[in-house]
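Below is one structure, written out as structure tokens; the observations come after it.
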Amino acid sequence: MKINWFKYASPTAFYPVAGRLVPVFGVAALALMLFALYWGFFETPERLGGTNPQKEYYRIIFIHVPAAWMSMWLYLVLAAWSAVGLVFNTRLSFMMANAVAPTGAIFTFLALWTGAFWGRPSWGTYWDWDPRLTSELILFFLYIGFMALHSAIDDNRRADQAAALLAIVGLVMLPIIYWSINCPDPNNCAALHQRSSVTDIESNILTAMLVMTLGFWLYSFAAAFARLRNIILLREQDSAWVRKMVDEAGAGPSSSPPPGAGAADGLDAGGHRASRGVSV
Amino acid sequence: MQGLIDFLSQGGYAFYVWSAFGMTFALLVAEVVVLRRSRRTILQRVGRLARLRTQNVPPGEPS
Amino acid sequence: MLNVFWCILQRDLTLALRRRTDVLTTLFFFVIVVSLFPLGVGSERELLRMLGPGVVWVAALLASMLALERLFAADYDDGTLEQLLLAGQPLSLLVLAKILAHWLLTGLPLVVVAPLMAMQYSLEATAIWVMMAALALGTPVLSLLGAIGAALTLGLRGGGILLSLLILPLYIPVLVYGAGAVSVSVIEIADTQPYFALLGAFLLGGLVLAPPAAAAALRISME
């Protein structure tokens, strides 16, 4: 069977698809996360092995590492969709980038937060200017900048393109920023921080961590698709298919008729005006 | 019962472990709630606009 | 093509010199920020010597960022920018000319007054020279990167604050190596070479990549 993928590049066509995918990814994510929690709390040793054994608090690893991975991965996804949008000028790609950004910011914040609560018992401090922490903080700023720029521009088209360009500039700068933080003294750069090796970790710990990563990943899909649907609805609210869909659904629960003056105002101004004030 | 207390105390590191897991839980749940609510708000508004259109615009005239 | 470049450069410089307060405001902002730090952290000589490079660099970042808002704003308001977009000349080149003019008016004065600021922090003569050289290499990079942000936030409400949010994280590499060079020069002057190599690399990379990016951002904002 041959599927015409470009058919789904239009928001109208993708809206119902996303609607079907959200519960699938959501339920799968929930199942995986619950499994990872169970495995992480009950099937793992009480200590993280190695030369410097860590006690129960190491269990933060089950959310810290997956959150950090997701924060970086989602920025890549965001920049990739931005690039696709700028090159092919497809509206859905920009919407996708916008749908991913808040989830990415949340995971970035979680990586910092959980890192702080892991750092306190193991390093004796909530915050340290460690290269990885600092880079994660900068990544958080980049997410915030992307969302701030997009929401500051009223015109959807300009907002999409401007934020996309910013995302790509950020992607180009990220390795340089990371490198400059990692190696502030170019005269002796080697071995500034300990190298983490996934393969050395005890297999039950690794299982819980990887399953949780998968769970977070599927969760990101579900959240991004749900947000994508909101964005599509908000932007296409004047189009025939949205109206038809709403009519069929019974026009929603609200029944109080708004005053006539405000109504005419809202009608004339169309989508741009009406779309202000609702965050997605 | 003792098992539950042991589990909750996490070897004396309850504060760190549950602060980290609690924030993760709270934020993910909050995101889902916010997404659902904004979806409802948007649908309500679209429905209201649609009704207004049918009231104000005579049938047959393109809006 | 170079004619256009010189033309824009001359025009921007002439316009700015007719309104000298803009240039002086940036400069005095820099001076004031640097002078406030000893009042806040205490005036011990050793402490100041340690903080000096970082403080001067952070103040330079802030000063050059404050000035960025005006990079395209006046031309945007009076419609000149629209004409430039339609001019049929490579927009990157025009943008580069504007960035160069902007740097000559806001970056270069910082380099010139930096020795005075360094003396406030009792830095040695070699460190002062290194600081001037580092600022001379680094501030153009700030203007180049900032131009992208200025183009993206063109004509927005609260554009200045937004601009800082977008651009300051991107300034980190310049800050790290610019301040690092000065700190290292206190210990061993020969060690500063890789710092300057990196700053030079940023400048070359910025010269190649930033003008097209800023031009693309301008086209997005002017559509």
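The values are calculated or read from the model by the stated rules, or taken from the named source; none is laboratory data. The shown structure was predicted, so the numbers you read here are calculated from the model rather than taken from an experiment. Cβ: placed from backbone, ideal geometry, glycine included. Neighbour counts: every protein chain shown. Side chains included, ligands, DNA and RNA excluded: accessible areas come from the protein's heavy atoms. Shrake-Rupley method; radii C 1.70, N 1.55, O 1.52, S 1.80 Å.
Some points to look at:
- Tabulated pairs, the range A:16-27, first open to solvent by less than 30 Å² (accessible area, probe 1.4 Å), second of a type in the set (Lys, Arg) and at pLDDT 90 or above, C-beta under 7 angstrom, 6+ apart or interchain: A:Ala18/A:Arg229; A:Gly19/A:Arg229
- For A:Met72, the conditions (1) without any contact (Cβ under 8 Å) to a residue 12 or more places away in the chain; (2) more than 10 Å from chain B (Cβ to nearest Cβ); (3) part of a helix (DSSP H, G or I) are fulfilled apart from (1).
- All positions within the range C:168-202 that are more than 8 Å from chain A (Cβ to nearest Cβ), under 29 Å from A:Ala148 (Cα atoms) and β-branched (Val, Ile, Thr): C:Val174
- Test set (1) part of a helix (DSSP H, G or I); (2) farther than 19 Å from C:Val111 by Cβ; (3) open to solvent by 70 Å² or more (accessible area, probe 1.4 Å) - C:Phe28 fails condition number: (2)
- Among the residues of the range C:150-167, those that are at pLDDT 85 or above and facing chain A (nearest Cβ under 8 Å) comprise C:Leu152, C:Thr153, C:Leu156, C:Leu162, C:Leu165, C:Leu166.
- Scan the range C:76-96 for residues that are assigned to a helix (DSSP H, G or I) and surrounded by fewer than 12 Cβ atoms within 10 Å (Cβ to Cβ) and the total you get is 2.
- In the range A:119-136, the residues that are open to solvent by less than 40 Å² (accessible area, probe 1.4 Å), part of a helix (DSSP H, G or I) and either farther than 15 Å from A:Ile60 by Cβ or touching a residue at least 24 places away in the same chain (Cβ under 8 Å) (or both): A:Pro121, A:Pro131, A:Thr134, A:Ser135, A:Glu136
- C:Glu46 meets all of the listed conditions (1) at pLDDT 90 or above; (2) open to solvent by 80 Å² or more (accessible area, probe 1.4 Å) but one, namely (1).
- Count - residues of the range A:110-131 that are out of contact with any Asp or Glu (no Cβ under 6 Å at 6 or more places or on another chain), more than 7 Å from chain B (Cβ to nearest Cβ), within 23 Å of C:Ile172 (Cα to Cα) and not hydroxyl-bearing (Ser, Thr, Tyr): 7
- Odd one out for A:Met245 among (1) under 25 Å from the mean Cα position of the chain (by Cα); (2) free of Cβ contacts under 8 Å to residues at least 12 places away in the same chain; (3) closer than 21 Å to A:Leu21 by Cβ: (1)
- Any hit, the range A:160-179, residues being at the interface with chain C (Cβ under 8 Å from one of its Cβ atoms), under 23 Å from C:Leu168 (Cβ atoms) and modelled with pLDDT under 85: yes
- Any chance C:Leu135 is closer than 27 Å to A:Asn187 by Cα, part of a helix (DSSP H, G or I) and open to solvent by less than 10 Å² (accessible area, probe 1.4 Å): yes
- Scanning the range B:8-27 for residues that are facing chain A (nearest Cβ under 7 Å) and either closer than 21 Å to A:Val246 by Cα or of a type outside the set (Ser, Thr, Tyr) (or both) returns B:Gln10, B:Gly11, B:Val17, B:Ala20, B:Phe21, B:Met23, B:Leu27.
- C:Ala147, sole failed condition from (1) assigned to a helix (DSSP H, G or I); (2) over 15 Å from the mean Cα position of the chain (by Cα): (2)
- Search result, residues across the range C:181-206 that are free of Cβ contacts under 8 Å to residues at least 40 places away in the same chain and either polar (S, T, N, Q) or closer than 30 Å to C:Thr153 by Cβ (or both): C:Gln193, C:Leu198, C:Ala201, C:Leu204, C:Gly205
- Looking across the range C:60-75, the residues that are within 9 Å of the chain's Cα centre (by Cα) and open to solvent by less than 30 Å² (accessible area, probe 1.4 Å) come down to C:Ala60, C:Leu61, C:Ala63, C:Ser64, C:Met65, C:Ala67, C:Leu68.
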